[in-house]
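Undergrad: I'd like to ask some things about the structure below.
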Amino acid sequence: MTTFRILPVIENRRLGPYTLLRIKDVGIHKYAGCGQFVMVGLSFLRDPFLLRPLSFLSVDNDSFSLLIKIKGRGTEMLSMVKPGEYLKVLGPLGRTILPGEKGILIAGGIGIAPLFYQSQWMRGGVLLYGAKDKRELVLVKEMEDRGLVVKTITEEKGGTVCDLVMENIALLKGQRVFICGPVAMIKSLREIIRDYTRETFVYLERRMGCGIGGCKSCAIKTGYGYKFVCQDGPVFPLEEVEIG
Ligand SMILES: Cc1cc2nc3c(=O)[nH]c(=O)nc-3n(C[C@H](O)[C@H](O)[C@H](O)COP(=O)(O)OP(=O)(O)OC[C@H]3O[C@@H](n4cnc5c(N)ncnc54)[C@H](O)[C@@H]3O)c2cc1C
Ligand code: FES
C-alpha cells in the first residue's frame, strides 16, 4: 500500500561515512517488501522540490531506517535532519522481490543498504563486499549475526569488489546472485560472472522525478522494451537490462 505521509525522524546517527536516519512509522513492517524503497524529502522546505529515492535499510514494527550517502544537495540536507523534525515520505515503492533463503550478495559502497534489508529475509549465504576504505565497510558484524559469510575488500588495500568476486568465483557456481553498487562495478561484474551464476539480479539506480511511473525520468532499455526503474524495478534480471 503506497501512501504519502509526513513522518517524524526519531534518530540520526553516523554509521561510517554515512548517515543512518530512523523514521517513526507504526505498522510499516506489514507492507514494506524486500527490494522496495521510499521517496523522501524535507517537509519544511520547497527546495529541493523533488523527493529523493532511498532504499529501506531496515524495517521494524514502529519505524524504518535509511542509510544516506551524501551525493548532492538533497542527500546533504536529508542527512542533517534532526530527531523531532519531519520528512515527506512516499512509499513503499517498487516491486517486491523474492530473495530466497540463501544466495550471494555483492555490494559496492552504499550498495550495502538494500542488500542489508534483503538479508533480513535470508537464512544464510555469502556477502562479497567492497568499499574504498575500512570506514566505508559498515554492518559487517550485523550481516554475520544474520548467518551470512562476509568477505570484504577495500581499494586502499586489496583491490575492488571485482577482484574479490574473481577470487571467490567458485562460490557463485549455480547460485542466485544479487548485485548493488556503482554502474562501473555492475558492468565489470556482468562479464566476470556471466558463465557461473544460475540467475543474477541487479538493483538499479536512476534519477527519479516521481517514483510512481508518471514522469518517465527513470526509463531504462531492456530486452522487453523500455521499463521504469521505479515501477518495474528497482531490481531486474541482469541479463535483461542495458547498464549505463
Ligand atoms: C531505487 C533507489 C534507491 C536508492 N537508495 C539509496 C540509498 O539507500 N542510499 C543512498 O545514499 N542513495 C540511494 N540512492 C541514490 C540517491 O537517490 C541519490 O544519491 C540522490 O537522489 C541524489 O540526490 P542529491 O540531491 O543528493 O544529489 P543531486 O544534486 O540530485 O545529484 C548529485 C549527483 O548524483 C547524481 N544522481 C542523482 N540521483 C541519482 C540517482 N538516483 N542515481 C544515480 N545518480 C544520481 C547526479 O547526476 C549528480 O551527478 C538510491 C537511488 C535509487 C533510484
Ligand atoms: S520516477 Fe517518474 S516514472 Fe519513474
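The values are calculated or read from the model by the stated rules, or taken from the named source; none is laboratory data. All of these numbers come straight from a predicted model, not from anything done at the bench. Don't worry about glycine lacking a Cβ; one is built from the backbone with ideal geometry, like all the others, and counts go over all protein chains shown.
Undergrad: Working carefully through the options 230, 218, 180, find the one that is farther than 21 Å from residue 119 by Cα and in contact with a Phe, Trp or Tyr (Cβ under 6 Å, 6 or more places away or on another chain). Give the derivation first.
TA: On the way: 230 fails: in contact with a Phe, Trp or Tyr (Cβ under 6 Å, 6 or more places away or on another chain); 180 fails: farther than 21 Å from residue 119 by Cα.
Exactly one of 230, 218, 180 is farther than 21 Å from residue 119 by Cα and in contact with a Phe, Trp or Tyr (Cβ under 6 Å, 6 or more places away or on another chain), namely 218.
Undergrad: Within region 68-76, identify whether any single residue is within 28 Å of residue 175 (Cα to Cα), away from ligand 2 (no atom under 16 Å from the Cβ), in the same structural domain as residue 19 (by TED's automatic domain parsing) and β-branched (Val, Ile, Thr), and answer yes or no.
TA: Step one: of region 68-76, the residues within 28 Å of residue 175 (Cα to Cα) are none.
No, that holds for no residue.
Undergrad: Any chance you could count how many residues in region 1-55 are without any contact (Cβ under 8 Å) to a residue 12 or more places away in the chain and either under 18 Å from residue 233 (Cα atoms) or assigned to a loop (DSSP other than H, G, I, E, B) (or both)?
TA: Narrowing region 1-55 to residues without any contact (Cβ under 8 Å) to a residue 12 or more places away in the chain: 13-14, 30, 46-47, 49.
This time we only want the ones that are either under 18 Å from residue 233 (Cα atoms) or assigned to a loop (DSSP other than H, G, I, E, B) (or both), so: 46-47, 49.
Number of matching residues: 3.
Undergrad: Farther than 21 Å from residue 215 by Cα and touching a Leu at 6+ places or on another chain (Cβ under 7 Å): which single residue out of 58, 43, 79 fits that description? Spell out the reasoning first.
TA: Values: 58 fails: touching a Leu at 6+ places or on another chain (Cβ under 7 Å); 79 fails: touching a Leu at 6+ places or on another chain (Cβ under 7 Å).
Criteria check complete, one pass: 43.
Undergrad: Which one of these is away from ligand 1 (no atom under 16 Å from the Cβ) and either loosely packed, with under 14 Cβ neighbours inside 10 Å or more than 19 Å from residue 103 (Cβ to Cβ) (or both): 196, 224? Spell out how you get there, then give the answer.
TA: On the way: 196 fails: either loosely packed, with under 14 Cβ neighbours inside 10 Å or more than 19 Å from residue 103 (Cβ to Cβ) (or both).
Going through 196, 224 in turn, just one is away from ligand 1 (no atom under 16 Å from the Cβ) and either loosely packed, with under 14 Cβ neighbours inside 10 Å or more than 19 Å from residue 103 (Cβ to Cβ) (or both): 224.
Undergrad: Report the residue count in region 204-221 for those that are surrounded by 15 or more Cβ atoms within 10 Å (Cβ to Cβ), near ligand 1 (Cβ under 9 Å from one of its atoms) and over 17 Å from residue 185 (Cβ atoms).
TA: Number satisfying all stated conditions: 3.
Undergrad: From the list 171, 164, 139, 189, exactly one residue is within 18 Å of the chain's Cα centre (by Cα) and at negative phi. Which is it? Break it down stepwise before answering.
TA: On the way: 171 fails: within 18 Å of the chain's Cα centre (by Cα); 164 fails: within 18 Å of the chain's Cα centre (by Cα); 139 fails: at negative phi.
Of the residues listed, the single one that is within 18 Å of the chain's Cα centre (by Cα) and at negative phi is 189.
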